[in-house]
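All remarks here apply to the structure that follows.
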Amino acid sequence: MNKTIVGLQWGDEAKAKVLDTLAFISPPKCVVRFNGGNNAGHTVVANGKKYIFHAVPAGVLNPNVECIIGSGTVVDIEELYKEILALTGQGLSLANLKISSHAHVILPEHKALDASTTKNTIGTTGRGIGPCYSAKIARKGLRVIDLFNQQLTPDLQEAINFIKPFITNTQQSLLKYYKEDRSIFFEGAQGMMLDIDNGTYPYVTSSNAHPGAAATTNGLPCSSIGEVIGISKAYTTRVGLGPFPTELNDSIGDYIRKIGHEYGSTTGRPRRCGWLDLVQLKYAVEMAGVDQIVLTKLDVLADVPEIQVCTAYQEHLDPISQDILWEKAKPCYKTLTGFPKKDWSKIFRWDDLPTKMQDYIRFIEDYLHQKINYISLGPERESLIEL
Ligand code: IMP
């Protein structure tokens, strides 16, 4: 069964950890990263080692799984070269990596433009993502395949020579796997609230993080995306500028940042932290058509005496369009009793969970009218518990 793994908030929901664990339990034929570029920072801890992926799909930890950097992504060739060297230096085999010939190339001028403009006004990662996608849409972009007809600097040439063997028409391979009914996992970057069309525009990224993009960008039938698995943290974080109704600018926000290690894995920026926002989460769950929900980092909230959850907004609809005005939304909270810290490595079943944690999960399920299928209580594979 194909699966598409997407973030339900503003990114950093631990998608890669979930993908790695699901791919470990039931290895797919291939994993495809379908949007964004090296603005993402996906962390996986396995066998006591920490791996950070920016452009390379998280599935590479299994050497039998083919990993595809899809046609809808944008690629910084020099950074990808460095990433591949770093991962092979950690002992991973990247023999099964493929790069779509149709992915667009992030050029030095894209990075310079991003750094001098949108990095300050939107809080982008400064990786040249927006200018590269702008060039693509303006039909002025350079695709990976076009690199071979260009005069380039010696540094870039070295990186291109290195990645050349990985370049291929990935649509052909994917269509073949789809027709043969072999399983494909699609890995989304960022999250629904950063989606260019449906997020908190203009404070968004430049691609569709929506699961539908997994099919359209790779040139596949819509039915290829299979089961949509939406990932949400048990609280909310955001990096960069833009609306965040439940943000906590106080000691609880600082506590969550510290315990949850909420610092960007791409830029190192401290993440803004806040309570779980069920209005936002329901919006994301409904638009993404989520089949299964994974609630991550629940352990981080342990020992917070009272947990607040946003269940409604005041004064938030535009009178003309009825759009949610995220920047004006004033959250209304329900207060739930917190739960104590435990040795999470010894917890494997619903019945082992602290009662107040069970209450928190049930409360979220009742609000969303949807089951939470998995929870995650730590960075290791073993800490993903099926409910
Ligand atoms: P860009 O994607 O670099 O253009 O940045 C646009 C917005 O998306 C900024 O607020 C970034 O912080 C945010 N963003 C981009 N990638 C990620 C990610 O992987 N996790 C979280 N936020 C991200």
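Below, the figures for the structure above:
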quantity	calculated
Residue, nearest to the ligand (Cβ to nearest atom), within segment 1-24, restricted to residues that are part of a loop (DSSP other than H, G, I, E, B) and open to solvent by 10 Å² or more (accessible area, probe 1.4 Å)	Asp12
Pick from segment 353-383, criterion at pLDDT below 95 and acidic (Asp, Glu), ranking: least open to solvent (accessible area, probe 1.4 Å)	Glu380
Residue match in segment 228-244 (condition: modelled with pLDDT of 95 or more, open to solvent by 10 Å² or more (accessible area, probe 1.4 Å) and away from the ligand (no atom under 16 Å from the Cβ))	no
Considering residues of segment 25-43 that are aliphatic (A, V, I, L, M) and buried (at least 24 other Cβ atoms within 10 Å of the Cβ) only, the residue nearest to the ligand (Cβ to nearest atom)	Ala40
Residue selected from segment 88-129 under the condition over 17 Å from Asp76 (Cβ atoms), open to solvent by 30 Å² or more (accessible area, probe 1.4 Å) and among the hydrophobic types (A, V, I, L, M, F, W, C), by the criterion farthest from the ligand (Cβ to nearest atom)	Ala95
Those residues of segment 325-340 which are of a type in the set (Lys, Arg) and surrounded by 12 or more Cβ atoms within 10 Å (Cβ to Cβ), in sequence order	Lys328, Lys334
Only listed residue being in contact with a Leu (Cβ under 9 Å, 6 or more places away or on another chain) and either within 16 Å of the ligand (Cβ to nearest atom) or charged (D, E, K, R) (or both), chosen from Gln280, Gln308	Gln280
So Ser207, is it on the phi < 0 side of the Ramachandran plot and touching a Pro at 6+ places or on another chain (Cβ under 7 Å)	no
Segment 130-166 - residue that is touching a Phe, Trp or Tyr at 6+ places or on another chain (Cβ under 9 Å) and open to solvent by less than 50 Å² (accessible area, probe 1.4 Å) and, of those, nearest to Lys111 (Cα to Cα)	Gly141
Any hit, segment 259-268, residues being away from the ligand (no atom under 16 Å from the Cβ) and in contact with a strand residue (DSSP E or B) (Cβ under 7 Å, 6 or more places away or on another chain)	no
Candidate set: segment 130-176, residues that are within 16 Å of the ligand (Cβ to nearest atom) and without any contact (Cβ under 8 Å) to a residue 60 or more places away in the chain; chosen: the one nearest to the chain's Cα centre (by Cα)	Pro131
Condition broken by Ile256, with the remaining ones in (1) touching a helix residue (DSSP H, G or I) at 6+ places or on another chain (Cβ under 9 Å); (2) of a type in the set (A, V, I, L, M, F, W, C); (3) surrounded by fewer than 19 Cβ atoms within 10 Å (Cβ to Cβ) satisfied	(3)
Contacts under 6 angstrom Cβ, first residue in segment 344-360 being in a helix (DSSP H, G or I), partner among the acidic types (Asp, Glu), 6 or more apart	Trp344/Asp299
Within segment 267-296, tally of residues that are open to solvent by 30 Å² or more (accessible area, probe 1.4 Å) and part of a loop (DSSP other than H, G, I, E, B)	5
Check on Ile99, farther than 21 Å from Arg33 by Cα and in contact with a Phe, Trp or Tyr (Cβ under 6 Å, 6 or more places away or on another chain)	no
Selection count where residues are away from the ligand (no atom under 16 Å from the Cβ) and either open to solvent by 20 Å² or more (accessible area, probe 1.4 Å) or modelled with pLDDT under 95 (or both), scope segment 199-216	2
Restricting segment 311-324 to residues that are outside any loop (DSSP other than H, G, I, E, B) and more than 20 Å from Leu8 (Cα to Cα), the residue that is least open to solvent (accessible area, probe 1.4 Å)	Leu317
Qualifying residue in segment 325-342 (condition: in a helix (DSSP H, G or I) and of a type in the set (Asp, Glu))	no
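The values are calculated or read from the model by the stated rules, or taken from the named source; none is laboratory data. Predicted, not measured: the structure shown is a model, and the values here were computed from it. Note that each Cβ is placed from the backbone with ideal geometry, even for glycine, and that neighbours are counted across all protein chains shown. Ligands, DNA and RNA are excluded from the accessible area calculation, which covers all protein heavy atoms including side chains. Shrake-Rupley method; radii C 1.70, N 1.55, O 1.52, S 1.80 Å.
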